[in-house]
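The values are calculated or read from the model by the stated rules, or taken from the named source; none is laboratory data. Quick caveat, the model's predicted, so the values are computed rather than measured. Note that each Cβ is placed from the backbone with ideal geometry, even for glycine, and that neighbours are counted across all protein chains shown.
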Amino acid sequence: MILKICSFLLPSLLVASSAFANVSAYFNHNSRSSYTDPYRRISRPGDNLEEVVLAEIRQARRTIYLAVQELRLPLIAAALIEKKRQGVDVRIILENDYNFDILSQRDSGEGEYEASKLLELRALIDANRDGRFQKEELESLDAIYMLRAAQVPIMDDTSDNSQGSGLMHHKFLVIDGKTTIVSTANFTMSCIHGDVLVSDSRGNANSMVVVESANFARFFTEEFAQLWGNGRRGNFGQNKTYRGPMTTTVRGARLTVQFSPTSRRYNWEETVNGLAALYLFKARSSIRAALFVFSDQIIANVMQQRHEAGVQVGVLIEPKFGYRDYSELLDLMGMAMLNQRCKYEPGNNPWPRPATDVGLARLPRGDVLHHKFAVVDNRTVIMGSQNWSDAANFTNDENLIVIEDSAVAEQFSQEYARLRRSAVIGPIPWLKDQIRKQEEACPKVGRN
């Protein structure tokens, strides 16, 4: 099925303007800047995303509203505590799976990924490597322990008496109702600086945007207010009120934002992924995307339409998710993979004329491509916490912003070009062999 995107009828946009505003973009693998990791003391290329956050926190005078899936960086925790002591209203919302300090966490046995994250956290906090957690280590290195001890208000997505949204996946910060930080990075070592236990790691590839605009901040403050509720019981996931796209002008740049999840009662075009598709369909010359996960079939169909119209399509995917049966990267390559039930993804649509500039990102050992951005015609940027997936669209608490500004787009284009230089383009022999083996093992009847 190919979506007739030209029939889009989006809700009316809430439009505002701001006389004094600014938009700045940062990348923790930026080859044009460098810094020293404050924890591992490693000098490395990139923008220090933690310092960007700290600089804005230091300016706070009235309010700091933070919604982030995971917070483990002690310097950020210490800065938030200091602001609370100064009388600033500091509030934090986390994903419930990460709302714990090291003393309250028990080994869950949920899997290799969770176990490795816990090992990293223990290594960060156990500074003297004696296998125990000293009081001074907890008070200076365990971010959640520090915040709880200072009685900084923390809420998670189980506070609405549910089992939580799919994920409280936001990564944003609103300060004094005028400054907004929107990040693809969680506030952790692995997402920003690099894994504690892997010396070659330089952090998952991420971006961050800082917007100085009261109107833009209002959109995120309203989202935070819905999540926070009365401070004891919030509204997460489908318990939030649906809001369509909202737009403001920031020093000539047009910014549009929308929040997930969207109920399936609405048309797909009214969802956050629908907003992304709307701007992708506007492409006239190029689409360049760097994505952690890409599994939304309709977005892939929209990109195919632009590809067939002569638009140059380049897509880089995180290797962990690039060669899965649900990955739309396979569609772009003109390939299909059967799942464990010998079925193809519903609506599967391998491109008859495959894209030739798509593939897998390649990063230092221990790091992953955590970006969620696309650049359209080198003028429009689509980014935020939202992966291009059904879970992000219909289940998780997420955000997506569209920045129509050539200067910001150029920065994201440079990041794409950096990733492209080391990427693996096209299907690797393993993929072709894996598809052949699955087809031989699965009966031909009932594959659709």
So residue 90, is it crowded, with 21+ Cβ neighbours inside 10 Å, over 22 Å from the mean Cα position of the chain (by Cα) and either among the aromatic types (Phe, Trp, Tyr) or assigned by TED's automatic domain parsing to the domain that holds residue 156 (or both): yes
Residue within the stretch 232-243 that is at pLDDT 95 or above, assigned to a helix (DSSP H, G or I), basic (Lys, Arg) and farther than 30 Å from residue 316 by Cβ present: no
Total residues in the stretch 192-221, condition over 20 Å from the mean Cα position of the chain (by Cα) and not in a loop (DSSP other than H, G, I, E, B): 4
Given (1) crowded, with 20+ Cβ neighbours inside 10 Å; (2) of a type outside the set (Phe, Trp, Tyr); (3) over 20 Å from the mean Cα position of the chain (by Cα), number of the condition residue 312 does not satisfy: (1)
Residue list for the stretch 51-81, filter: of a type in the set (Asp, Glu) and closer than 24 Å to residue 157 by Cα: 70
Qualifying position, being outside the structural domain of residue 373 (by TED's automatic domain parsing) and under 22 Å from residue 28 (Cβ atoms), among 143, 115, 127, 150: 143
Qualifying position, being surrounded by fewer than 15 Cβ atoms within 10 Å (Cβ to Cβ), at pLDDT 95 or above and closer than 19 Å to residue 196 by Cα, among 115, 123: 123
Meets criteria (surrounded by fewer than 21 Cβ atoms within 10 Å (Cβ to Cβ) and at pLDDT below 95) for residue 34: no
Residues that are over 16 Å from residue 286 (Cβ atoms) and either assigned to a helix (DSSP H, G or I) or not assigned by TED's automatic domain parsing to the domain that holds residue 286 (or both), drawn from the stretch 417-431: 418, 421, 422, 429, 430, 431
Of residues in the stretch 327-354 being farther than 23 Å from residue 308 by Cβ and without any contact (Cβ under 8 Å) to a residue 60 or more places away in the chain, the one surrounded by the fewest Cβ atoms within 10 Å (Cβ to Cβ): 340
The one condition in (1) in contact with a Leu (Cβ under 6 Å, 6 or more places away or on another chain); (2) in a loop (DSSP other than H, G, I, E, B) that residue 173 fails to fulfil: (2)
Sole residue being of a type in the set (S, T, N, Q), under 22 Å from the mean Cα position of the chain (by Cα), surrounded by fewer than 19 Cβ atoms within 10 Å (Cβ to Cβ) and not assigned by TED's automatic domain parsing to the domain that holds residue 68, chosen from 414, 434: 414
Neighbours by Cβ (under 8 Å, 6+ apart or cross-chain): first from the stretch 43-65, acidic (Asp, Glu); second assigned to a helix (DSSP H, G or I): 50/75; 50/76; 50/192
Verdict on residue 389 being in the same structural domain as residue 343 (by TED's automatic domain parsing), within 27 Å of residue 217 (Cβ to Cβ) and within 17 Å of the chain's Cα centre (by Cα): no
Where residue 229 falls short, out of the listed (1) of a type outside the set (D, E, K, R); (2) assigned by TED's automatic domain parsing to the domain that holds residue 55; (3) surrounded by 18 or more Cβ atoms within 10 Å (Cβ to Cβ): (3)
Flag if residue 414 is modelled with pLDDT of 95 or more, part of a loop (DSSP other than H, G, I, E, B) and on the phi < 0 side of the Ramachandran plot: no
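Quick grid of which residues meet (1) without any contact (Cβ under 8 Å) to a residue 12 or more places away in the chain; (2) touching a strand residue (DSSP E or B) at 6+ places or on another chain (Cβ under 7 Å); (3) under 21 Å from residue 204 (Cα atoms); (4) buried (at least 17 other Cβ atoms within 10 Å of the Cβ):
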residue	(1), (2), (3), (4)
317	no, yes, yes, yes
359	no, yes, yes, yes
376	no, yes, no, yes
379	no, yes, no, yes
421	yes, no, yes, no
Hits in the stretch 355-369 - residues which are within 30 Å of residue 192 (Cα to Cα) and assigned to a loop (DSSP other than H, G, I, E, B): 361, 362, 363, 364, 365, 366, 367, 368
Odd one out for residue 165 among (1) buried (at least 17 other Cβ atoms within 10 Å of the Cβ); (2) not in a loop (DSSP other than H, G, I, E, B): (2)
Pair list, Cβ < 9 Å and 6+ apart or interchain, from the stretch 274-288 residues that are in the same structural domain as residue 307 (by TED's automatic domain parsing) to residues that are among the basic types (Lys, Arg): 280/306; 281/306; 282/306; 283/306; 284/306; 287/306; 288/420
One residue from 436, 379, 341, 362 being more than 16 Å from residue 280 (Cβ to Cβ) and at pLDDT 95 or above: 362
